[in-house]
Amino acid sequence: MSVTVAIVILNYNGRNYLEQFLPSVMATNYPELEVVVADNGSTDDSVAYIQRVYPSITVLQNTRNDGFAGGYNWALQRVKSDYYILLNSDVEVTCNWVSSIIQLMEADKSIAACQPKILSFKDPASFEYAGAAGGWIDYLGYPFSRGRVFDICEQDLGQYNNTVPIFWATGAAMFVRSSVFHEMKGFDPYFFAHQEEIDLCWRMQIAGYGIMACTDSVVYHMGAGTLPRGGKKVYLNFRNNLIMISKNLPWRELWWKLPYRFLLDALSAWKGLFTGDFYFFTAIVKAHIAFLYWFITRFDRSAKPKPALLSLKGVYAGSVVWKYFFEGKQRFLEIISTKPR
């Protein structure tokens, strides 16, 4: 008997996306597959639509919107399967997208999470922002991807068609070994949304597990389907990134990297203000205030020693900010192949 797989789609007022993208999900070719929609307190007719059109789908109904992190934690406590696939509601999949990744993870029990190649639904020849061909991080904690550096998404020319270790797997289409997800106690619910999957993958690597990208599997992501870009997104990204590095860096790195990151964030905020983006500036200020509150009230000073960031897979030893903004390196391979700065 095949190992069991549950595709779990977190939904919040996403009736239009469900109508558009569920047909491809339901056409997935895998023998032991359950499709679950975890509704995060929607106020539209999402649940009624699924129950009417797709009665075979398991529907879980939360009474409130707990965000990506809390919503999935709540839902996955109620799903029994060997593997979870956390799939955004705005993703179109291919019929055989599951098997190659499950085979990879079954062959190596140390792999805790894996992602497929993420291409743009709007431009299928290009990688999509959320994960592209696998997530990396630089030595200061800035995330980027094979095929996407900051806002630049590369064309897919086959340059990343390989199965490799990475630092983080995208939450847009994340394959997770269920036992490890629960061992790690899931996502950090304080994050609400954005970068919680990077934090989880970092914690998995600290625990000795591997994270992989398997580009034999391909999906197409619409992007910005649940939380459009804007002040809230900027706030969560900056706040959560600072929380993440504080949780996971060893103290011998954190004591100097955290002030350095505050400085770089401040420069980014002032640049936004001087170019007329007042909302970007205020979002970063609010993020810093919220982080300081978290650091004072929640930071675990008794945590076990952490391994050095550079000892983990998928870490660039230099600054992606420097390479991108000062040296003009906008492609992943350009950055990692040059001398770190």
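In the list Y12, Y84, which residue meets the criterion of being touching a Leu at 6+ places or on another chain (Cβ under 7 Å) and buried (at least 18 other Cβ atoms within 10 Å of the Cβ)? Give the steps one after another, and end with the answer.
Values: Y12 fails: touching a Leu at 6+ places or on another chain (Cβ under 7 Å).
Checking each option against the conditions leaves just Y84.
Regarding W74, is this residue assigned by TED's automatic domain parsing to the domain that holds G131, over 29 Å from D123 (Cβ atoms) and touching a residue at least 12 places away in the same chain (Cβ under 8 Å)? So W74 passes the test.
When the residues of the stretch 118-144 are filtered to those that are assigned to a loop (DSSP other than H, G, I, E, B) and charged (D, E, K, R), the one that is surrounded by the fewest Cβ atoms within 10 Å (Cβ to Cβ) is K122. Considering the stretch 1-58, and only residues there that are within 23 Å of the chain's Cα centre (by Cα) and among the charged types (D, E, K, R), the residue that is farthest from Q115 (Cα to Cα) turns out to be R15. Within the set of pairs 6+ apart or on separate chains, which have a first residue in the stretch 16-30 that is in contact (Cβ under 8 Å) with a residue 40 or more places away in the chain, a second that is of a type in the set (S, T, N, Q) and part of a loop (DSSP other than H, G, I, E, B), and C-beta atoms under 7 Å apart? Listed by first residue and then by second, the contacts come to Y17/S89; L18/S89; F21/S89; N29/N96. Among residues of the stretch 153-170 that are under 11 Å from I211 (Cβ atoms), those with a Cβ under 9 angstrom from a residue that is surrounded by fewer than 21 Cβ atoms within 10 Å (Cβ to Cβ) and among the charged types (D, E, K, R), sequence gap 6+ or separate chain, pair up as V164/K313; P165/K313; I166/K313; F167/K313. Give me the residue from the stretch 159-207 that is small (G, A, S) and in a loop (DSSP other than H, G, I, E, B) and, out of that set, farthest from V218 (Cα to Cα). By that ranking, first place goes to A207. From the list A207, A213, the one residue that fits, being in the same structural domain as F150 (by TED's automatic domain parsing), within 25 Å of I166 (Cα to Cα), under 18 Å from the mean Cα position of the chain (by Cα) and among the aliphatic types (A, V, I, L, M), is A213.
The values are calculated or read from the model by the stated rules, or taken from the named source; none is laboratory data. Bear in mind the structure is a predicted one, so any value in this text is a computation, not a measurement. With ideal geometry, Cβ positions are generated from the backbone for all residues, glycine too; neighbour counts draw on all protein chains shown.
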